[in-house]
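Notes follow the structure.
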Amino acid sequence: PAAEIATKPRREEPADFVSDPERKVRAACAAAWDAYRESRYAAAVSALEGVRVGKDDALYDRFHFVEGMAWSGLLVSKRQRNVTFDEAFSKMKESFLSVADGAGTSEYKPRALFWLAIAYEIHFNDEPRTLEGIGYFERLARDFPDSNLADDAIYNAGLQQVKIDKIDDARRTLQRLQDERYRDSTVYDTAADRNISTRVAAEKYLNKIKNW
């Protein structure tokens, strides 16, 4: 009867309610991340297979970021790779761009752009693909200027420009790090094997290429 329907209490979910699909996504991400941290990259990829996440789901960015990292691990692990390099790189790129190009904002977007650009830095030396990687570094710095990865992105972009002999571009890029906003920022210095001041690192490299 209509009266009964009208007075039937509305179902309320507790504040910490987690649906079964969401629970599955969280579990898959956790399993994949654990495998990634243990350098079991094939297992990380496998943990996410068959899991579906809609673009409107709260865990969309997390899922695809973890997926991108899993594929990036396979790229550097020939022993575990059961796909070609090109296939693995394509999967990784697709995963990271799913995060970067998606709606909304999340902590994973700048991280996705950073690790995608790093993959280009690691795996390619030719100018076209190096420029593509630089583009992702620049996009991170432009779209997420307050991210703690923005200065790392600018610094790496400058070094990559040096790699392809675009010295004037590299100078302009590295000089941006002299801005006051980067006063307390740090980047990883490979030679020193530790984090150092971003401004100091940029100045050191500018001095290195001063007369090039």
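The values are calculated or read from the model by the stated rules, or taken from the named source; none is laboratory data. Please read these numbers as outputs of a predicted model, since none were measured by experiment. Cβ placement follows ideal geometry from the backbone for every residue including glycine, while neighbour counts extend to all protein chains displayed. Keep in mind that these areas ignore ligands, DNA and RNA; they rest on the heavy atoms of the full protein, side chains included. Shrake-Rupley method; radii C 1.70, N 1.55, O 1.52, S 1.80 Å.
Annotations for the structure displayed:
- Legend: residue pairs Lys91/Lys210; Lys91/Lys208; Lys109/Lys166, Cα-Cα distance threshold 32 Å; pairs beyond threshold, Lys91/Lys210; Lys91/Lys208.
- A cut-off under 15 angstrom between Cβ atoms defines the neighbours of Asp34, and their net charge, with Lys, Arg +1 and Asp, Glu -1, is +2.
- Summed residue charge, Cβ within 9 Å of Val187's Cβ, Lys/Arg positive, Asp/Glu negative: -3
- FRET efficiency, 1/(1 + (r/R0)^6) with R0 30 Å, evaluated for Ser106 and Asp165 via beta carbons: 0.25
- What you get for the range 31-88, charging only the Cβ of Lys and Arg (+1) and of Asp and Glu (-1), is a dipole of about 260 debye around the Cα centre.
- Positive-end residue of Val53, Pro21, Leu113, charge dipole of the chain with Cβ unit charges: Leu113
- Magnitude of the charge dipole for the chain, about its Cα centre and with charges confined to Cβ atoms of Lys, Arg (+1) and Asp, Glu (-1), is about 380 debye.
- A straight line joining the Cα centroids of the range 88-102 and the range 166-212 runs 29 Å.
- Listed residue (Ser147, Ala103, Trp212) projecting farthest to the positive dipole end of the chain, Cβ model: Trp212
- Pair-distance distribution of the range 53-154: all C-alpha pairs, bin width 5 Å, starting at 0; shares per bin in whole percent are 2, 14, 23, 23, 20, 12, 5, 1.
- Note on the chain: dipole from Cβ charges, positive end direction compared against His123, Leu177, Phe63; the farthest Cα belongs to His123.
- Inter-site label distance for Arg139 and Ala27 at 7 Å from Cα along Cβ, in nm: 3.4 nm
- Averaging the sequence gap over all C-alpha pairs within less than 8 Å and six or more residues apart, then dividing by the number of residues, gives the range 60-114 a relative contact order of 44 percent.
- The chain - percent of accessible surface contributed by carbon and sulfur, probe 1.4 Å: 48 percent
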